[in-house]
Amino acid sequence: MRSIAIFNNKGGVGKTTLLCNLAAYFAQHMKKHVLVIDADPQCNATQSIVDDDEIERLYEKHKGFTLWDVLDPLIKGKGYVQNLEFHKSEHFGLDLLPGDPRMSLIEDVLASDWLQGTAGDVRGLRTTLVFANLLSRCRNYDYVFFDMGPSLGAINRAVLIASDFFVIPTSIDIFSLLAISNISTGLIKWRKKFGYGLGEVEDHNELEVGNPQWTLRFAGYVTQQYITRRKGGKSRAVKAYERILQKMPRVIYSNIVEKYGGSTDSNVKLGSIPYFHSLVPMSQISHKPIFTLQSQDGVVGAHFSKVREFEEVIAEIAGNLERNCEELS
Ligand SMILES: Nc1ncnc2c1ncn2[C@@H]1O[C@H](COP(=O)(O)OP(=O)(O)OP(=O)(O)O)[C@@H](O)[C@H]1O
Ligand SMILES: [Mg+2]
């Protein structure tokens, strides 16, 4: 099993769109057994994957099993949850552990437990390792993908501590360039503190995650090539866009490959995603991957060639990602 975190602390860079389609491509075209874990309290991946009536069943009176049910017993001191339930998505061909808006309430608890954990406190480390424990019970999957909210907060830190790989989706603007250096600074700091906390624990068996250690490796980045619109509908200056596009490989290389490490230095660009206009909302409304959209989902005329184009783009990204994971394993 390989776990892959789709991560960027910058919001709106296409993390969820990439994750949903990539995970579905691995499942449907590469015949992998795939689990998606929605660790973003916004629950956008859950909303895209799960049908509307099923969403109601899951969340009305909190009847369904969500990520909250994994975290809640641990936070209450009842230990790691024993029975896991996953939602099966036919359209995506994968299993999903749905997100939960209540996860935002857990951020503070995880943050204070992290402080205690980095001082060697076992309880603090056990909550920090909640996703590591969860993954240790998902070994029957080939790939587990995490959707994550746009932050350098405690939930994301716990996800990254548990994951084998991370992928950075990024858009092409000055703030995205700056976000890349935040990512490497954050990861390096966390790795050091986590190592220190683990070093203080005498008996690692108490942590119930096998052999806990920081193994997160950088598996590559994906650029969103589309130009965002300013107020009034004017496109951003194309020259500025091209300048930043040219700088991106160097910024990734110096911040992530060189400073953070954990990757080979070649082939880290997995691909680039063009602007796909109405196909993205169409897939969200029909709860289907973009590459499976058909006329009954609203696809007409030139949309059909766009659907095929999207499939080629996501196939390239999936192939490059699998190759990088294999090379780094
Ligand atoms: N290739 C694309 N073409 C057109 N629109 C897109 C594309 N990718 C994403 N979008 C749109 O851009 C918006 C942001 O995308 P998405 O939700 O995937 O980003 P995100 O990084 O997950 O955001 P957040 O940080 O809030 O979780 C969404 O409204 C989505 O529909
Ligand atoms: Mg998202």
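Only the coordinates and a few stated rules stand behind these numbers; no lab work does. Everything quoted here is computed from the prediction, not taken from an experiment. When we count neighbours, we look across all protein chains shown, and the Cβ atoms used for this are built from the backbone with ideal geometry, even at glycine.
Using a simple charge model, +1 on the beta-carbon of Lys and Arg, -1 on the beta-carbon of Asp and Glu, nothing else, what dipole does segment 82-172 show about its Cα centre, in debye to the nearest 20?
200 debye
Counted by Cβ distance under 15 Å from ASP40, the other residues give a net charge of 0, where Lys and Arg count +1 and Asp and Glu count -1.
Per the Debye formula on identical point scatterers at the alpha carbon atoms of the chain, with no solvent, log10 I(q)/I(0) at q = 0.12 Å⁻¹ is -0.83.
With a 10 Å radius around each residue's Cβ, average the other Cβ atoms per peptide and rank 298-306, 194-202, highest first.
Details: 298-306: 12.7, 194-202: 14.8.
In decreasing order of mean packing, 298-306, 194-202 become 194-202, 298-306.
Compute the distance from the alpha-carbon center of segment 21-39 to that of segment 124-176, in whole Å. Distance between centres, Cα-based: 16 Å. Lysines within cross-link reach of LYS88: Cα-Cα under 24 Å, excluding same-chain residues under 8 positions apart? In chain and number order, the partners are LYS15, LYS31, LYS32, LYS61, LYS63, LYS288. Placing +1 on the Cβ of every Lys and Arg and -1 on the Cβ of every Asp and Glu, with nothing else charged, gives segment 2-274 a dipole about its Cα centre of roughly 1420 debye.
Checking understanding here: applying a Kyte-Doolittle mean of at least -1.0 and a length along the axis of at least 18 Å (C-alpha), which whole DSSP H helices in the chain pass?
On the way: long enough: 15-28 (19 Å, 0.61); 103-117 (20 Å, 0.46); 174-199 (39 Å, 0.54); 238-252 (21 Å, -0.12); 303-328 (37 Å, -0.47).
Within the chain the helices that satisfy the rule are 15-28, 103-117, 174-199, 238-252, 303-328.
Using only helices, what value at 222 nm comes out for the chain when you add -39,500 (n - 2.57) per DSSP H run of length 4 or more and divide by the total residues, to the nearest 500 deg cm²/dmol? Mean residue ellipticity, 222 nm, calculated: -14500 deg cm²/dmol. Using +1 at the Cβ of each Lys and Arg and -1 at the Cβ of each Asp and Glu in the chain, identify which of SER136, ALA27, GLY298 lies farthest towards the dipole's positive end. After comparing all options, I get GLY298. The residues ARG250, ARG126, when put in order of fewest to most other Cβ atoms within 10 Å, stand as ARG250, ARG126. In plain terms, the residue of CYS325, CYS43 with the fewest other Cβ atoms within 10 Å comes first and the most crowded comes last, giving CYS325, CYS43.
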